[in-house]
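Read through the structure below, which is laid out as structure tokens, and then see the notes.
The values are calculated or read from the model by the stated rules, or taken from the named source; none is laboratory data. These numbers come from a predicted model, not from an experiment. No Cβ is skipped: glycine too gets one built from the backbone with ideal geometry, and neighbour counts run over all protein chains shown. For the accessible areas, the whole protein counts, side chains as well, though only heavy atoms, and no ligand, DNA or RNA atoms are used. Shrake-Rupley method; radii C 1.70, N 1.55, O 1.52, S 1.80 Å.
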Amino acid sequence: DQGLFCKYPLDDTPTQIWWERAVWADALYAIAYVDGAPINVVVFHPPPPAVFHLFEQGYEDGSRSRGFDELLTLVDTLDGPTIIAGDFNSTDRSDTYWRVRNAGFHDTYREAGFGLGLTFPQFRVLDTRLGFGGFPGWLPPIIRIDYVMHNGIALRSLDAEVLHMGDSDHYPVLATLG
């Protein structure tokens, strides 16, 4: 599940429009009014790539890729400052990540964070969910797949950090934009 919490007034009507046509990704889309100025906010979560019978069918990335197609179609219709945040199920080495970057979006952690910004998995929670006691809780995350991005229109990255807390199998990213 996903959600959007904001200290500024939100108009979440656009989410309904998105849901009517979105097929390949979960997303929330709202407009936040910061000091009266509208900022588009998209919370995005495409499906992960899958490995189906590795030796027969191999790696399948079509569903995730189609989710990014829909995301980029949506953001292409938006005017003004736009923030995209969520579990992209993509590392910063993937083509899907670079499609968003090449569409003009800035990676807040890359610009204002420190270190590798690893967000997945949170082994302690993953172990609890899987229920087989196979992971020591002290293991650190191994990849970065959670992002806060912005299109740079009236926004800039001020700070970003991965918070080592929470009950998700991902660590949250806290980003400050100005």
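Quick rundown of the values:
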read-out: Filter pass, residue 104 being farther than 14 Å from residue 147 by Cβ and in contact (Cβ under 8 Å) with a residue 24 or more places away in the chain; value: yes
read-out: Some residue of the range 36-54 being more than 25 Å from residue 121 (Cβ to Cβ), of a type in the set (Gly, Ala, Ser), at pLDDT 90 or above and open to solvent by 40 Å² or more (accessible area, probe 1.4 Å); value: yes
read-out: Criterion: over 20 Å from residue 2 (Cβ atoms), in a loop (DSSP other than H, G, I, E, B), modelled with pLDDT of 95 or more and not hydroxyl-bearing (Ser, Thr, Tyr) - qualifying residue of 139, 155; value: 155
read-out: Odd one out for residue 120 among (1) open to solvent by 80 Å² or more (accessible area, probe 1.4 Å); (2) at pLDDT below 95; value: (1)
read-out: Scan of the range 90-110 for residues that are touching a strand residue (DSSP E or B) at 6+ places or on another chain (Cβ under 6 Å) and either of a type in the set (Ser, Thr, Tyr) or surrounded by fewer than 15 Cβ atoms within 10 Å (Cβ to Cβ) (or both), ordered by number; value: 91, 108, 109
read-out: Residue match in the range 150-170 (condition: touching a helix residue (DSSP H, G or I) at 6+ places or on another chain (Cβ under 9 Å), among the β-branched types (Val, Ile, Thr) and under 25 Å from residue 37 (Cβ atoms)); value: no
read-out: Matching residues, the range 158-170, being modelled with pLDDT of 95 or more and not hydrophobic (A, V, I, L, M, F, W, C); value: 159, 161
read-out: Qualifying position, being within 12 Å of residue 175 (Cβ to Cβ) and either without any contact (Cβ under 8 Å) to a residue 24 or more places away in the chain or touching an Asp or Glu at 6+ places or on another chain (Cβ under 6 Å) (or both), among 85, 112; value: 112
